[in-house]
Amino acid sequence: MIEYNRYSWWRTVFSFRGTALPRALARVAIFTLYSATIQLLLNVGEYIGWFDEQSALTLDPIAHAVIGSLLGFLIVFRMNGSNNRYWEGRSHWGSLINCSRNLVRVATVHTKNGAEIAGLVTGYVIALKQSLRGSRDLEEAAMYLPNDVVETALRFGNPPTAIAAAISEWILREYRSGTIDGVMVTHMEELLSNMVNAQGGCEKIQKTPLPFVYAAMIKQLILAYLLTLPLVIATRCGWWSPLLMAVVSLGLFGMEEASVETEDPFGKDENCLDMQTFILTIARDSGQLAAQLKRVE
């Protein structure tokens with residue numbers, strides 16, 4: 001995630017990193033060149049008498065505007081869907097942060113093994129981050145987890161699920177030792193269940209992309225719209241038409257690329273959620289809670 005000053009208008013306008021320009025610029029250049037070619041052919045054809053301005057191959061701007069309106073509606077639908085997925089992903093990680101703080105706080109106050117649960121919780125969110133990015137690497141999480149938990153997690157198809165089970169086993173051990181009572185077990189399991197529910201919500205976003213029929217239709221309509229746009233503006237705008245094409249194609253391709261990038265908020269793109277910062281927050285708060293309450297004890 002890119003941190004930026006929302007009040008710095010000019011710096012944001014002239015930014016390149018983190019925008020849709022790197023991915024869309026090549027297509028914008030192709031369609032700008034295409035528009036310039038159409039304009040050149042039109043001018044040459046009129047000059048040598050193949051056709052005049054009235055008989056040139058042009059399209060009705062009103063009919064073309066209808067297509068543009070439909071295309072705009074579909075792109076807005078795509079952007080809203082991507083933004084909803086992005087915000088939902090952020091909400092799930094917010095729930096993970098809150099529940100982890102509460103779970104470690106309660107466990108540390110009522111037991112003598114707060115450092116152990118803090119490590120399990122931190123290892124859990126690290127494993128979840130890796131899983132959401134399509135990786136089963138537990139090297140980073142292994143710093144916080146017991147060896148037997150790491151070995152068990154590596155055998156699971158979903159490593160975070162194995163670590164969540166280890167947290168439940170920890171709660172059960174504390175209950176059997178008489179450290180916590182049934183009410184506290186219920187409360188801690190409820191916090192853990194909320195974390196697992198947030199995990200499921202993140203996995204739902206990751207594994208359910210926008211249906212292909214929508215993605216394909218939007219791309220096809222963008223292509224059709226831009227291929228026919230020079231036939232609408234060439235006779236009306238002259239050599240301004242390539243510039244107009246560049247602006248319109250940048251808007252269409254840019255909005256589509258922004259939607260594609262935010263559709264999966266758990267990736268490694270610059271505009272994806274900064275899950276590493278979330279994990280550092282959980283690791284810091286869990287460790288400090290365990291250390292502080294241990295000193296108080």
Segment 178-195 - residue that is without any contact (Cβ under 8 Å) to a residue 40 or more places away in the chain and outside any loop (DSSP other than H, G, I, E, B) and, of those, farthest from SER95 (Cα to Cα): GLY182
Being farther than 16 Å from ALA107 by Cα and either part of a loop (DSSP other than H, G, I, E, B) or of a type in the set (Lys, Arg) (or both) is the filter here; which residues of segment 136-177 pass it? ARG136, ASP137, LEU138, GLU139, GLU140, TYR144, LEU145, PRO146, ARG155, PHE156, GLY157, ASN158
Hey, could you check segment 237-271 for residues that are in a helix (DSSP H, G or I) and acidic (Asp, Glu) and say which is farthest from the chain's Cα centre (by Cα)? GLU256
Could you check, for segment 175-194, whether at least one of its residues is touching a Cys at 6+ places or on another chain (Cβ under 8 Å), polar (S, T, N, Q) and modelled with pLDDT of 90 or more? yes
In this structure, is VAL213 modelled with pLDDT under 90, surrounded by fewer than 19 Cβ atoms within 10 Å (Cβ to Cβ) and part of a helix (DSSP H, G or I)? yes
Counted residues, segment 109-135 - those being at pLDDT 90 or above, touching a helix residue (DSSP H, G or I) at 6+ places or on another chain (Cβ under 7 Å) and either polar (S, T, N, Q) or assigned to a loop (DSSP other than H, G, I, E, B) (or both): 2
Residue check: is VAL44 under 21 Å from TRP239 (Cα atoms), at pLDDT 65 or above and either surrounded by 11 or more Cβ atoms within 10 Å (Cβ to Cβ) or not aromatic (Phe, Trp, Tyr) (or both)? yes
Pick out the one residue from THR235, THR262, THR277, THR281 that is at pLDDT below 90, of a type in the set (Val, Ile, Thr) and surrounded by fewer than 20 Cβ atoms within 10 Å (Cβ to Cβ). THR235
Check off (1) under 16 Å from ASN194 (Cβ atoms); (2) β-branched (Val, Ile, Thr); (3) surrounded by fewer than 24 Cβ atoms within 10 Å (Cβ to Cβ) for VAL109 and give me the number that stays unchecked. (1)
Any pair with Cβ under 6 angstrom, 6 or more apart, that starts in segment 105-128 at a residue that is farther than 14 Å from ILE171 by Cβ and ends at one that is aromatic (Phe, Trp, Tyr) and not in a helix (DSSP H, G or I): GLY119/TYR144; THR122/TYR144; GLY123/TYR144
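The values are calculated or read from the model by the stated rules, or taken from the named source; none is laboratory data. These numbers come from a predicted model, not from an experiment. For neighbour counting, all protein chains shown are included, and Cβ atoms are generated from backbone atoms with ideal geometry for every residue, glycine included.
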